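Each remark here refers to the structure printed beneath this line.
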Amino acid sequence: MIMTTNGVFRPEMRRVPTGELLKPNRKTNGVGVQAEDTKICVVMVGLPARGKSLIAQKVVRYLHWLSIPAKTFNVGQYRRTATPNPSAEFFDTSNPEGERLRKAAAEAAVNDMVKWFSEGQGLIAILDATNSTKSRRRWIQDRCQAEGIETLFVESKCDDEDLIMSNIKEVKTTSPDYVGQDPEAAAQDFRNRIRNYEKVYQTIDEDEYDLTYVKLINVGKRVVINQIQDYLQSRVVYYLMNLHIKPRSIWLSRHGESQYNLSGKIGGDADLSERGEAYARALPGLVKQSAGEGRKLTVWTSTLRRTIQTARFLEFEKLEWKALDELDSGVCDGLTYAEIESAYPEDFRQRDEDKYNYRYLGGESYRDVVIRLEPIIMELERSENILIVTHQAILRCIYAYFMNVEQERSPWMEVPLHTLIKLTPKAYSTQEERLKADIPAVSTFREKGSSAKHQEGDAA
Amino acid sequence: MDTLLTADVAANSPNFRRRSSTYVDAIHDLPEKEEMAPAQLYSTESGRLFHAGRIVIATVGLPARGKTHISVALARYLRWLGVKTHVFHLGDYRRATVGPGNDVPEDYFFVNASPSSVLLRNKILKKCREDIYRFLEHENGQVAIYDAVNAISAGRIALAKEFQKHQITTLFIESQCNDERIIEENVRNVKISSPDYKGWNDVDAIKDYLARISARIPHFETMEESDLHWIKMINAGEQVVVNNCAFGYLSQRIVFYLLNLHIKSRQTYFARAGTTNEEDSYKADASLSQAGRDYAVKMSDTLRAHREKERQAIIDKGGPDNALKPLTIWTSTRRRTIETADYLAGLGYRVRQRSQMSQMNPGVCEKMSEKRIREEFPMEVAKHESDPYHHRYPRAESYHDLAVRLEPIILELERENNDLLIIAHESVLRVLYGYLMACNAADIPKLSFPRNEIIEIIPASYNNVAKRITIPDLPEFMVPGSPEDIKIPVPPSGTVTPFAGLGSPARGISVTSSDRLSVRPAAGASEKEASEKAGGSVGLKKHVHPME
């Protein structure tokens, strides 16, 4: 037969991951990222204080938000178990004991990762360590290849001294290695530690042309992307390119209390109530108190009246995003919860059962909202100092992204009216501060199973 | 019709871009009316999305590096997302200005060209730039893709400066190839189909092209300007270097798309799944019937014979005796699509299941007859008829939902190097066809894919061409309808649709072969078309109702 020699795919033509054919597939997670049987190990590469842990942590959070199971394996944590408070000498490569312990920590992390994959728990693992030599990277590549795991090396390279120092002060001196130590001494020790690494550090170059890698130079000013093999890798790279590691905060607020909040109706495009109006007037002062004098923010609102009115006294640049509009409650728009319960009892029950996936008749689900918020999240990652004035369901989704809240829980979170939330992403977690305006408002929080009026004000 | 005429019109008529001289692929048309694009998530009054402002994407690279392909593919994707995008091929303007059959002077591309050549160059550039400004400033355009060589660094810096004066951001995309094989394949597959070589034979065209590249464009500087925004694709995407591109969501999105794009040419085929025994149901996942299995064999054999014939045709035309590109098959995770691919899998072809490619969820309308849907949900039916693309029945998906869900598939479609056969439900084929042929969203629900035809999408750098391959000897009952088609979208009010695939015809209604073709040229053209079909490529007129 002619075709067998000409048109048939033969394995040697292109490497195919084993076991791919006719294997039962994972269900799509509904947000368009289907990973099939791909297993990817994202290998961080870079000197200390280049934002590796921050990047690793964010990638995991982003993937969770998109319902992709992911986990970080931090080699430093394995090493810390053996050596809780190491001095700079420990990281000197001429110190064979330190070198041996570090290699052992890397082995342990990789073993746990392989085990995690083989238990079918995850799709993407992040190996967070300096991985600063070609031989170490080759070792990881070989280990992963033997286990059928794809690799994506992510190098963060930075030669801007100011950026490095600010990263050391902001982030590293709060690292678990320096618990209870004098900050100045800790910073000094850290500088020494970096010098030890610099002696042996090898950047990814032409010798490693066969590796799949992305090299982020000076916080994304230039990015080199090599040998991307599949869609999921490109998706991770896309996300990485939107990240920056400069310190910043994000402020979130719901709109002021609206006429609909007062009457207990959901959705709509109502004006602010008197108390909502008072919150709008109080907001500039609240922002000044939280952000400090003279800090320039950019304000994002939805296209609905209540958020635009709430933000109108703020003297910053403002952008209206359609994507920040409240969850569309379809046929239920303009009804109260009691009315929904009597008109659509079945829907009301179903929604309580699985609020994340429930889609209003002719409207949206939380899952739909997450999809349309993706541009917002990307833009937020790129920007510094943004204040978002939006709606309950939207805030829940954005908040869930930054605070790593589980899917099932996020639609039930309480986000009170007339409160300014400040989120500050740090390397090990996101810090949160809440500032309440002293202006009363109805509670719009609805507990599971309840339909009491004056509870949930937005279609959330 | 050829692009020469389009280009000719381009130089003389300001409205050229509203009409296409071909019904092949609408990527070079501007939509007549404003409407949401297939995967657009929201709309704005200015028509510009993501607060990204206006952008000119300028290509950089020697000929035969896939610039035009990148331009057109990117335009296709951005339009799919709802970003108003148009491609301005400088080559079109050049050809239109010198007129058919003429060529630009020998020193046209030289740095030290004669004054008359410089004058001609400036005239052509001016015309093209005027059209770009009109599109961005007066027609709510957001992204203009400027497809040109842009060989010299100083020229690129000046270009970015000039656009900056109009508050337009310039993003350069360079395609660089160090691999001679990629260049030669590009010349063969892409360049000799370009209007420059209409009527030439392959070998001469390739020779001429390569000679022309080195002789006529002796100066080329790769991008290193650290202050400009640029993306460099090396060897068809093997490596991508991105410089200073963090200026907006859209720019990053473009990089994301380019990471999945390659510039090698390959075919895509669409086929329906075979029929099943059981009463159709979305939830029941039935196996193929005997007739369905027969269909699978006939479809597969027809496709294999067709591919072999095409290969022979290339050899006969003096092309190389290359092996066929490997063929990969994508199915959904529904049993009937997987089983339709079983025969090919048995022959050693690679089959992948893609769960995003499952058909539209019919929601509460599952298993309901059209009549009952009309009785129970008259309001929904009315809404559906006014906007069949965006409307969703209770608990169901709309075509828009499906398009958003299929986005990763579209990126993987671009990524795939092998030829590709997609076996899927009609609703999925409609959306994928809509992407590849730049259909308007409103037309997508009306596209029809009768079971006795395999659709072949042939990528060309200027526009894609769709071609139908008839599967012979299929039993009549299997051809027209979509037995597994869900009962939505329901046809336009009252009467049963004359077009299969526009909805499921009521059981027992026979559909004649002449009127079921809504992806076909107008009814009057059918005879001519039938004769063309035997010979080769057929320009498919999208969305034309035989009734019109």
Among residues belonging to segment B:196-213 that are modelled with pLDDT of 75 or more and open to solvent by 80 Å² or more (accessible area, probe 1.4 Å), point out the one that is farthest from B:GLU185 (Cα to Cα).
B:GLY199
Would you be able to say whether some residue in segment B:366-375 is at positive phi, among the basic types (Lys, Arg) and out of contact with any helix residue (DSSP H, G or I) (no Cβ under 8 Å at 6 or more places or on another chain)?
yes
Say whether the condition of being open to solvent by 20 Å² or more (accessible area, probe 1.4 Å), at pLDDT below 90 and farther than 12 Å from B:ALA58 by Cβ is met by at least one residue in segment B:154-165.
no
Candidate set from segment A:322-335 (those that are out of contact with any strand residue (DSSP E or B) (no Cβ under 8 Å at 6 or more places or on another chain) and assigned to a helix (DSSP H, G or I)); member that is farthest from B:ALA396 (Cα to Cα):
A:LYS322
Residue selected from segment B:346-357 under the condition of a type outside the set (Lys, Arg) and either within 9 Å of chain A (Cβ to nearest Cβ) or surrounded by fewer than 22 Cβ atoms within 10 Å (Cβ to Cβ) (or both), by the criterion nearest to B:ARG405 (Cα to Cα)
B:GLN356
The residue from B:ALA438, B:ALA382 that alone is among the small types (Gly, Ala, Ser) and surrounded by fewer than 18 Cβ atoms within 10 Å (Cβ to Cβ) is B:ALA382
Does A:THR298 count as out of contact with any helix residue (DSSP H, G or I) (no Cβ under 9 Å at 6 or more places or on another chain) and not basic (Lys, Arg)?
yes
Here the residues within segment A:190-216 that are open to solvent by 40 Å² or more (accessible area, probe 1.4 Å) and either under 23 Å from the mean Cα position of the chain (by Cα) or among the aliphatic types (A, V, I, L, M) (or both) are A:VAL200
Kindly check whether there is at least one residue in segment A:300-307 that is of a type in the set (Ser, Thr, Tyr), within 14 Å of another protein chain (Cβ to nearest Cβ) and buried (at least 19 other Cβ atoms within 10 Å of the Cβ).
yes
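Scanning for something surrounded by 16 or more Cβ atoms within 10 Å (Cβ to Cβ), out of contact with any strand residue (DSSP E or B) (no Cβ under 7 Å at 6 or more places or on another chain) and under 21 Å from B:SER71 (Cβ atoms), does segment B:227-234 turn up at least one residue?
So far as segment B:227-234 goes, no, none of its residues is surrounded by 16 or more Cβ atoms within 10 Å (Cβ to Cβ), out of contact with any strand residue (DSSP E or B) (no Cβ under 7 Å at 6 or more places or on another chain) and under 21 Å from B:SER71 (Cβ atoms).
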Sort through A:ASP347, A:ASP328, A:ASP333 and tell me the only one that's open to solvent by less than 40 Å² (accessible area, probe 1.4 Å) and of a type in the set (D, E, K, R).
A:ASP347
Single residue of A:GLU364, A:GLU414, A:GLU346 found to be among the acidic types (Asp, Glu) and more than 14 Å from chain B (Cβ to nearest Cβ)
A:GLU414
Which condition number does B:LEU120 fail, the rest of (1) touching a strand residue (DSSP E or B) at 6+ places or on another chain (Cβ under 9 Å); (2) on the phi < 0 side of the Ramachandran plot being met?
(1)
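To keep it simple, each residue is scored yes or no on (1) closer than 25 Å to A:GLU206 by Cβ; (2) more than 7 Å from chain A (Cβ to nearest Cβ).
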site: B:TRP230; (1), (2): yes, yes
site: B:MET233; (1), (2): yes, yes
site: B:ALA236; (1), (2): yes, yes
site: B:VAL242; (1), (2): yes, no
site: B:ALA246; (1), (2): no, no
site: B:LEU250; (1), (2): no, yes
site: B:TYR257; (1), (2): no, yes
site: B:ASN260; (1), (2): yes, no
site: B:TYR269; (1), (2): no, yes
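May I ask you to list the residues in segment B:82-108 that are part of a loop (DSSP other than H, G, I, E, B) and surrounded by fewer than 22 Cβ atoms within 10 Å (Cβ to Cβ)?
Passing the criteria: B:GLY99, B:PRO100, B:GLY101, B:ASN102, B:ASP103, B:VAL104, B:PRO105, B:GLU106, B:ASP107, B:TYR108.
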Which one of these does A:ALA338 not meet: (1) in contact with a helix residue (DSSP H, G or I) (Cβ under 8 Å, 6 or more places away or on another chain); (2) touching a residue at least 60 places away in the same chain (Cβ under 8 Å)?
(1)
Return the residues of segment B:442-473 that are among the aliphatic types (A, V, I, L, M) and open to solvent by 10 Å² or more (accessible area, probe 1.4 Å); say none if nothing qualifies.
B:ALA442, B:ILE458, B:ALA460, B:VAL465, B:ILE469
Give me the helices (runs of 4 or more DSSP H) completely within segment B:358-450, filtered to those with at least 2 residues that are away from chain A (no Cβ under 13 Å) and closer than 14 Å to B:TYR269 by Cα, ordered by residue number.
B:426-436
Could you go through segment A:330-339 and let me know if any residue there is within 14 Å of chain B (Cβ to nearest Cβ), at negative phi and of a type in the set (Ser, Thr, Tyr).
no
Within the bounds of segment B:290-299, is there any residue that is modelled with pLDDT of 85 or more, open to solvent by less than 40 Å² (accessible area, probe 1.4 Å) and facing chain A (nearest Cβ under 10 Å)?
no
If we scan segment B:189-202, do we find a residue that is outside the structural domain of B:THR222 (by TED's automatic domain parsing) and β-branched (Val, Ile, Thr)?
yes
Taking the stated definitions as given, is A:ILE371 assigned by TED's automatic domain parsing to the domain that holds A:SER410, open to solvent by less than 40 Å² (accessible area, probe 1.4 Å), under 30 Å from A:LYS58 (Cα atoms) and within 22 Å of the chain's Cα centre (by Cα)?
no
Counting only residues that are open to solvent by 10 Å² or more (accessible area, probe 1.4 Å) and facing another protein chain (nearest Cβ under 8 Å), segment B:322-345 contains a total of 7
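The values are calculated or read from the model by the stated rules, or taken from the named source; none is laboratory data. Since the model is a prediction, treat every value here as computed from it, not as a measurement. Counting neighbours? That spans all protein chains shown, and the Cβs are built from the backbone with ideal geometry, glycine included. For the accessible areas, the whole protein counts, side chains as well, though only heavy atoms, and no ligand, DNA or RNA atoms are used. Shrake-Rupley method; radii C 1.70, N 1.55, O 1.52, S 1.80 Å.
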